[in-house]
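Q: Let me give you the structure first, and then I'll get to my questions.
The values are calculated or read from the model by the stated rules, or taken from the named source; none is laboratory data. None of these values were measured; they are calculated from a predicted model. Quick reminder, even Gly has a Cβ in these numbers, built from the backbone with ideal geometry, and neighbours come from all protein chains shown.
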Amino acid sequence: MALYLGFDSSTQSLTATIIDAGSGRHDVVFEQAINFDETFPEFGTANGVMRGADGVTVTTPPALWVAALDRMGAMLADSGIDLSRIEAISGSGQQHGSVYLTAEATRVLGALDPGRPLVDQVAPLFSRAASPVWLDCSTGADCAVLTQALGGTAAIAALTGSRAYERFTGAQIHKFARQEPANYARTDRIHLVSSFMASLLAGRHAPIDPGDGAGMNLMDLASRTWAPRALEAAAPDLARRLPAIDDSWAVVGTLAPYWQRKYGFGPARVIAWSGDNPCSLIGLGLIAEGQLGISLGTSDTVFGPVSRPVHDPQGAGHVFGSPAGGYMALTCFANGSLARERVRDLHHLDWDAFSRMLAGTPAGNGGGMLAPWFVPEITPPVPQAAARWKDLDPSDAARAVRAVVEGQAMAMRLHSRWITRAVSTIRVTGGAAGNEAILQVIADVFDAELVRIAPRNAASLGAALRAYHASRLAAGSPVAWGDVVAGFTEPNLRVMPNATAAAVYRQRLPEYERFTAAAAAEVGGQRAEDGFRKA
Ligand code: XUL
């Protein structure tokens, strides 16, 4: 009869999922989201972020995340669910985003007043008003410094799981200390979105888990501890400003009285939060090596569990800690739903028309191709928006639609070969997973069976499952991961590859690889493998 709550603080929304687990039950009893732009127009975000005039700086006011968590508390209180039955709470945060707090935070977090809005109490604590988020590409110079200090691209990837990435927190901290030394000096604690949100719940500074910590270029992946050389390269006196790294299943503390008194929660255990991708791994039931997951969200990601701290030999992917122990390998594409929406809007389509056009056009698109880089791309690295069409008139709506989806799927296939070459089943989630025509293209390109997992928000479900696992572990009655996810991650749709289409893509893939490599080089994109050779 115990309930477990998971949050997902993502780019565009905050979701909460409550599960009823244990005692033979496996039910999702609540899942709701708050959209940031719609609910909090006063923060002035578009798709959850603010874009700087330079086109590469992308931030979110952290107070928005605080306001959303408070609002979700009220929604949960109104849900009719007895919140005192919630035994444990965990969460998922968009990766890499960071929150900068003054020394005053320690006291304020420990004495949150249920009589005042949370945001009024926390907003004065930010020493950096705008939190850099994962879409930010403004730290090229900072990445160069970190790479140099740590012995080159291959060395930093081997140490931290990824080469220096602009959105990774190490480079973001370096930029902050360089550009705003006075504000850096008054920063007492630097959190990730995940550890910050956990701190709000627990009323004390929460640790960073190895899942999200690996998204900073600051953690020694093999030992799961801060890498002193990386900290020194990133900013002065950084070690004392970072939270400790602790297990993903660590109990941070008891839910702060603020939440208990204001919304009727009980003294639930607060479990360390993790990143959205590590949480989605769990929420998709990906707990054994050889499985592959795809999340179709603002960004698209392809990922799977791996047992050792490997790294992408081409330097484009990442390795994070898995919240189930071991590691997860991941490749992230910034042009996910952003690119699909761009093509949809270019032709004034709705999603139904988009799907009809996709289903009505042949595999291979008559040779037409698109490098769908409508915003700067992470994989392959393309430093500026530079969509490239080949043998295709972009004003042909149906072929443009097919080109964006095929381009994305082929990029996923090409850039996931280092995770696993023999893909048997792909587990897919995210907003666009509702679109069966898109799923068919992915199944065909990978020539693999694809299953869709319901409910759709794998990250907040994964967080709730992690709360269940950690709470039972803390109580001395652990549950094996297979039993934790059982009943929650069953497919609600299976898509089989079409043999004829799969054969078309087998031929097309090398061609697409050459086309995109040349297009990336043309716009100054560094071929990741070149960086590796030089290193
Ligand atoms: C992963 C990444 C994105 C964000 C999206 O490296 O940058 O998937 O985590 O929330």
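Q: Taking into account only those residues within region 79-114 that are under 17 Å from residue 14 (Cα atoms) and surrounded by fewer than 24 Cβ atoms within 10 Å (Cβ to Cβ), which is farthest from the chain's Cα centre (by Cα)? Talk me through it step by step, then tell me what you get.
A: First, pick out the residues of region 79-114 that are under 17 Å from residue 14 (Cα atoms): 79, 89-99.
Now drop any that are not surrounded by fewer than 24 Cβ atoms within 10 Å (Cβ to Cβ), which leaves 79, 98.
Values: 79: 27, 98: 13 Å.
It comes out as 79.
Q: So, one more: Do we have any residue at all in region 148-155 that's of a type in the set (Gly, Ala, Ser), in contact with a His (Cβ under 8 Å, 6 or more places away or on another chain) and farther than 22 Å from residue 276 by Cβ?
A: First pass over region 148-155, keeping only residues of a type in the set (Gly, Ala, Ser): 149, 151-152, 154-155.
When the remaining residues are screened for being in contact with a His (Cβ under 8 Å, 6 or more places away or on another chain), the result is none.
No, the conditions are met nowhere in region 148-155.
Q: Listed residues 53, 63; which is more than 16 Å from the ligand (Cβ to nearest atom), in a helix (DSSP H, G or I) and out of contact with any Leu (no Cβ under 8 Å at 6 or more places or on another chain)? So that I can check it myself, show each step before the final result.
A: Numbers: 53 fails: in a helix (DSSP H, G or I).
63 is the lone residue from the list that is more than 16 Å from the ligand (Cβ to nearest atom), in a helix (DSSP H, G or I) and out of contact with any Leu (no Cβ under 8 Å at 6 or more places or on another chain).
Q: If you don't mind, another one. Go through (1) more than 30 Å from residue 184 (Cα to Cα); (2) outside any strand (DSSP E or B); (3) of a type outside the set (D, E, K, R) one by one and return the number of the condition residue 293 breaks.
A: Among (1) more than 30 Å from residue 184 (Cα to Cα); (2) outside any strand (DSSP E or B); (3) of a type outside the set (D, E, K, R), the lone unmet condition for residue 293 is (2).
Q: Which members of region 491-527 meet the condition of being crowded, with 16+ Cβ neighbours inside 10 Å, among the β-branched types (Val, Ile, Thr) and modelled with pLDDT of 95 or more?
A: Within region 491-527, 495, 504, 516 meet the criteria.
Q: Looking only at residues that are of a type in the set (Phe, Trp, Tyr) and buried (at least 24 other Cβ atoms within 10 Å of the Cβ) in region 126-173, which one is nearest to the ligand (Cβ to nearest atom)?
A: Within region 126-173, the match that is nearest to the ligand (Cβ to nearest atom) is 134.
Q: Can you pull out the residues in region 214-232 that are surrounded by fewer than 23 Cβ atoms within 10 Å (Cβ to Cβ) and either over 19 Å from residue 277 (Cβ atoms) or of a type in the set (Gly, Ala, Ser) (or both)?
A: 220, 222, 223, 225, 226, 227, 228, 229, 230, 231, 232
Q: Determine which single condition residue 273 fails, assuming it passes every other condition in (1) modelled with pLDDT under 95; (2) hydrophobic (A, V, I, L, M, F, W, C); (3) within 16 Å of the ligand (Cβ to nearest atom).
A: Every listed condition holds for residue 273 apart from (1).
Each row is one residue, and each column tells you yes or no for (1) touching a residue at least 40 places away in the same chain (Cβ under 8 Å); (2) assigned to a strand (DSSP E or B).
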position: 389; (1), (2): no, yes
position: 400; (1), (2): yes, no
position: 428; (1), (2): yes, yes
position: 437; (1), (2): yes, no
position: 442; (1), (2): yes, no
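Q: If a residue must be more than 22 Å from the chain's Cα centre (by Cα) and among the aliphatic types (A, V, I, L, M), how many such residues does region 310-365 contain?
A: Of the residues in that region, 8 qualify.
Q: For residue 323, indicate whether it is touching a helix residue (DSSP H, G or I) at 6+ places or on another chain (Cβ under 7 Å), without any contact (Cβ under 8 Å) to a residue 60 or more places away in the chain, of a type outside the set (Phe, Trp, Tyr) and outside any helix (DSSP H, G or I).
A: Working: touching a helix residue (DSSP H, G or I) at 6+ places or on another chain (Cβ under 7 Å): yes; without any contact (Cβ under 8 Å) to a residue 60 or more places away in the chain: no; of a type outside the set (Phe, Trp, Tyr): yes; outside any helix (DSSP H, G or I): yes.
It is false that residue 323 is touching a helix residue (DSSP H, G or I) at 6+ places or on another chain (Cβ under 7 Å), without any contact (Cβ under 8 Å) to a residue 60 or more places away in the chain, of a type outside the set (Phe, Trp, Tyr) and outside any helix (DSSP H, G or I).
Q: So for region 337-353 (the condition being under 27 Å from residue 494 (Cβ atoms), touching a residue at least 24 places away in the same chain (Cβ under 8 Å), within 16 Å of the ligand (Cβ to nearest atom) and surrounded by fewer than 23 Cβ atoms within 10 Å (Cβ to Cβ)), does at least one residue qualify?
A: Within region 337-353, one or more residues are under 27 Å from residue 494 (Cβ atoms), touching a residue at least 24 places away in the same chain (Cβ under 8 Å), within 16 Å of the ligand (Cβ to nearest atom) and surrounded by fewer than 23 Cβ atoms within 10 Å (Cβ to Cβ).
Q: In region 111-125, is there at least one residue being within 15 Å of the ligand (Cβ to nearest atom) and in a loop (DSSP other than H, G, I, E, B)? Lay out the reasoning, then the answer.
A: Step one: filter region 111-125 for residues within 15 Å of the ligand (Cβ to nearest atom), giving none.
Looking through region 111-125, none of the residues is within 15 Å of the ligand (Cβ to nearest atom) and in a loop (DSSP other than H, G, I, E, B).
Q: Against the condition modelled with pLDDT of 95 or more and either surrounded by 24 or more Cβ atoms within 10 Å (Cβ to Cβ) or not in a helix (DSSP H, G or I) (or both), how does residue 26 come out, does it pass? Write out each step before concluding.
A: Details: modelled with pLDDT of 95 or more: no; either surrounded by 24 or more Cβ atoms within 10 Å (Cβ to Cβ) or not in a helix (DSSP H, G or I) (or both): yes.
When the stated conditions are applied, residue 26 does not pass them.
Q: State which residue is modelled with the lowest pLDDT when the search covers only region 283-327 and only residues that are farther than 17 Å from residue 165 by Cβ, among the aliphatic types (A, V, I, L, M) and within 13 Å of the ligand (Cβ to nearest atom).
A: 296
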